[in-house]
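Encoded as structure tokens, the structure appears first; notes follow it.
The values are calculated or read from the model by the stated rules, or taken from the named source; none is laboratory data. These numbers come from a predicted model, not from an experiment. Don't worry about glycine lacking a Cβ; one is built from the backbone with ideal geometry, like all the others, and counts go over all protein chains shown.
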Amino acid sequence: MFKKWLKDLHWPLIIAMLALSALGILFIYSSSYRDPGEFQLRQLFWAGIGFAIFFLMPLLGYRTFLSSSYLLYAISLVLLLWVDIAGHTRLGAQRWIGIGPFVIQPSEFAKLSTVLALANFLGSHHSWEKENRIILGAIAMTMVPMFLIMKQPDLGSSLLFVPILVVLLLLWGIRYRYLISAVILGAVAAPFLWVFLKEYQKKRILVFLNPQMDPLGSGYTAIQSKIAVGSGGFWGKGFMQGTQSQLNFVPEHHTDFIFCVLGEEWGFLGAVLLLFLYGYLFHALFQILTHTTDFKAKLLTAGILSVIFAQVFINIGMTIGMMPIAGLPLPFVSYGGSSFVSISIALGLALSVHKERSIF
Amino acid sequence: MRFIIFRIGIYLGLGILMSGLFYTQVIQGSYYHTLGDKNRIRLIPLEAPRGRVFDRQGKLLATNRAAYDLVVTPEDMDKETIPSLARILDLSEKEIRERLKAPREYPFAPAVVQEDVTRELAFLVEEHRPELSGVEILVSGLRNYPQGTTGSHVIGFIGKINREEYLKTRDNQDQFGLNSTIGRAGIEKLFDSELRGWRGGKQIEVNSRGKMIRVLSERDPEPGRDMTVTLDLSLQQKVMELLGDKNGSVMMLDLATEELLVMASKPAFDPNFFVSPSAASERLAYLNDKASPLLDRGVSSAYPPGSVFKLITALAALDTDKINANSHFFCSGQYRLTPNSIPRKCWFARGHGSVSIYQAIERSCNVFFYNVGKKLSADQISDYSHRFGLGEIVPIEATNISAGLVPNSAWKKKQFKEKWYQGETLSFAIGQSYLLTSPLQILRMTAIIAKDGLWVEPHLVRNAKEKRIPDRRVDIKKEYLQILKKGMIQVVQSNYGTGQLARVDFGEMAAKTGTAQAPPKVAHAWMTGYFPADDPKVAFTVFVEHGGSGGIASAGIVKGMLQQWEETYVQKVA
């Protein structure tokens, strides 16, 4: 029994997860040991919960989730509407709901349920039947939660839906010229979406394009985080020896900007190590994806992979000025229970895909 | 195939990140290292100059002047800084250390040690720069009110933002900073968002000693919008002079535009004391002063109107057919409600004899209005008061607007659990009992009468009169207003009139005086009216707190004010 369980585990996935969370807790400690709150212990607690869920997911099996994906999707939309109405206002944005002593961030769960629903929807139809309708349906399914999250306002999280949609459509078999015209259409439509953005979101984008514009606000954050990462150099300043991120020049240094701490204290070597670990995680997911015969499971795994990748890319990219400043956590590394648990659920699904890779 | 494209895309993305990091950390690493060394990038917020306030003639009421602030960047100090600074400023070292602990908006932002230092001190500090590492003199804009106490209640004042307000406005970094000011009263408070501009800032690179090497990026602050109020400064000054050391409120309204030309209240305060960092003791004195100089007596306070209110009583009686233009009552100098009740006196002990409504207004006969009051109920008088805006907030660009108090039987029941007595109706009819009105409400009532029943909404800011309900009328017959107006002309123009001291030689005036009992002190003196009587251009209300007789204390102010108005608005135009 136990042997069977062990056999079903996917070790590269587990190793990557463990290493990333350990790195996260280490740098949460380094960045916040001066502040009250024992953030590293709280993160340890969340990691425990996350891992427990991860190992339990195969018991339910990803098929259960796929078959109830539309229901989960509907629930997450209701939750999003609820934050809109009753959510706590934190840092000027409505992103949390309190349930008893817990606060949850519905956008995290909306991401996952949208991936599930899209995988289920696209996986149930072949690309040669009624292609146009399916594509339009998939676009609509993505746009609804995306719009609600953008309204919260949480531009960063809402933009994560774009790579999910693009990747899943690509893998599903959309005609290349459709995909290419969609990209062009998106570029054309972007100015129209502009009007839906909040003032500060517009500012962030403008500042990204021209950092000179706003020396006081996000331009300051942008340059300070760049200094923090850059000053780490090749070798880094040593663990807990960072000065930029430690001295509060960089805001949110244990959550969204935790990479600044790592980049400053462990330098380029540390950054390469982190990227290598993410690469290893992606490699593990690719393995799972290749070995399953279930097309829906392939799509599901690919969707999970693309969410995690997009978050990593935007988060690290923003600290070195390659991406605009967006409030996105670095998966498994940033402090935060909601993010950790929801990624654990996602990887738990992948683990379940691995376990049920062959049903013959 | 598609899965291979996807896989390649992901690894390519990681490759891009890695090369970006290589560029930032390895190639540019040493550059960022120097920048980060002692945090070489600093942020200097630049406060926006606040918009100025002008009077209707374009004279300055509020502006900004340059001030020198002595600031210190604690990270740049050396051992000598604090002792030397203590010597120069004549402060204890402990005090300076205390001031350096104040919260700062950004890391390495300079802390303000002393605001608005003298020029001499500023130069002295510049001379001693070598031994004062980290000390700087920054030029900032300080609010300045060149007219001092004149118009201070209208303009209001500003103050330093407090912690709570700062936290509330934190998302709006472009407008509010840790050291920003915010409107605290009057126009400064109500139009704060217009007057306040947009902050700018400079990101500078400094060397290891904290000296600027170059500006990395800069955004100029955008000054706030200038505003024009409807006051006429020279008229307002004249009125302040006429009030002398008496307390009270004087207002004058342009009837065509419904703009207030004068809105003066005494005692007044000097708003400069609220912005000058060194005037803490004066500020405290204002707050503790029993005469409450911060109170705008015209807007925020309410008093018994006395005989001025007889206008409303007369209208109520006319409109309910209790009296008509030919009604007469006999005044023997006193009046008894029933044969057994204590007699109420007319102010003229010998009695006015048989009086008509016109004479009753002209001579302000109490007995006539006691007779009228007996025919009316308190609720009827109350109803007509509300029709003319008494007991109602006057929507005007001011803070703490008083609604006054217009009683009725239901109010009394609720307040005192007692029924309304007819004796109280008699007092109510001559503007006493529980009735309280603000001078602004009396002014509006007068203006409505002058405009034959057209509704009036006084304003203090130009061009604010946009969303007015067009031609809203008070529900009253014009002929009754004509009766009132005829009586009001006699108040000033007749030799029996109570307001004849206000008479001017360039036209006929219509007015009503009031002497409101305010025991145990001397009565309040009122006079309200409009000019010229045949084609009203302005309405005015003068209220002198404990000024005695309305026909004496207030009439002189009315006359002086109108003479000045005539000089500026009639003679100069002609």
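Points to keep in mind about this one:
- Helices (runs of 4 or more DSSP H) wholly inside the stretch B:325-418 that include at least 1 residues being under 28 Å from B:Gly497 (Cα atoms): B:357-363, B:366-375, B:378-387
- Test: residue in the stretch B:236-254 that is surrounded by 18 or more Cβ atoms within 10 Å (Cβ to Cβ), farther than 25 Å from B:Leu294 by Cα and either of a type in the set (Phe, Trp, Tyr) or more than 14 Å from chain A (Cβ to nearest Cβ) (or both): yes
- Restricting attention to the stretch A:279-288, the residues being within 10 Å of chain B (Cβ to nearest Cβ) and surrounded by fewer than 24 Cβ atoms within 10 Å (Cβ to Cβ) number 4.
- When the stretch B:18-46 is filtered for residues that are surrounded by 18 or more Cβ atoms within 10 Å (Cβ to Cβ) and more than 7 Å from chain A (Cβ to nearest Cβ), the ones remaining, listed by number, are B:Arg40, B:Arg42, B:Ile44, B:Leu46.
- Residue within the stretch A:311-333 that is within 9 Å of another protein chain (Cβ to nearest Cβ), in a helix (DSSP H, G or I), in contact with a Pro (Cβ under 9 Å, 6 or more places away or on another chain) and crowded, with 24+ Cβ neighbours inside 10 Å present: yes
- Candidates B:Ile557, B:Ile552, filtered to the one that is in contact (Cβ under 8 Å) with a residue 60 or more places away in the chain and part of a helix (DSSP H, G or I): B:Ile557
- Cross-chain or 6+ apart pairs with Cβ under 7 Å, the stretch A:325-350 first and on the phi > 0 side of the Ramachandran plot, then part of a loop (DSSP other than H, G, I, E, B): A:Gly336/A:Thr255; A:Gly336/A:Pro329
- Scanning the stretch B:306-361 for residues that are in contact (Cβ under 8 Å) with a residue 24 or more places away in the chain and basic (Lys, Arg) gives B:Lys310, B:Lys322, B:Arg344.
- Matching residues, the stretch B:267-314, being under 17 Å from B:Glu545 (Cβ atoms), in a loop (DSSP other than H, G, I, E, B) and either touching a strand residue (DSSP E or B) at 6+ places or on another chain (Cβ under 7 Å) or among the acidic types (Asp, Glu) (or both): B:Asp289, B:Asp296, B:Arg297, B:Gly298, B:Ala302, B:Pro304, B:Pro305
- When residues of the stretch A:31-50 are limited to those that are hydrophobic (A, V, I, L, M, F, W, C) and buried (at least 19 other Cβ atoms within 10 Å of the Cβ), the one farthest from A:Phe332 (Cα to Cα): A:Phe39
Let's see how each residue does on (1) at pLDDT 75 or above; (2) under 22 Å from the mean Cα position of the chain (by Cα); (3) surrounded by fewer than 21 Cβ atoms within 10 Å (Cβ to Cβ); (4) not in a helix (DSSP H, G or I):
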{"residue": "A:Val83", "(1), (2), (3), (4)": "yes, yes, no, no"}
{"residue": "A:Thr89", "(1), (2), (3), (4)": "no, yes, yes, yes"}
{"residue": "A:Trp96", "(1), (2), (3), (4)": "no, yes, yes, yes"}
{"residue": "A:Ser107", "(1), (2), (3), (4)": "yes, yes, no, no"}
{"residue": "A:Thr114", "(1), (2), (3), (4)": "yes, yes, no, no"}
{"residue": "A:Trp128", "(1), (2), (3), (4)": "yes, no, yes, yes"}
{"residue": "A:Ile134", "(1), (2), (3), (4)": "yes, no, yes, no"}
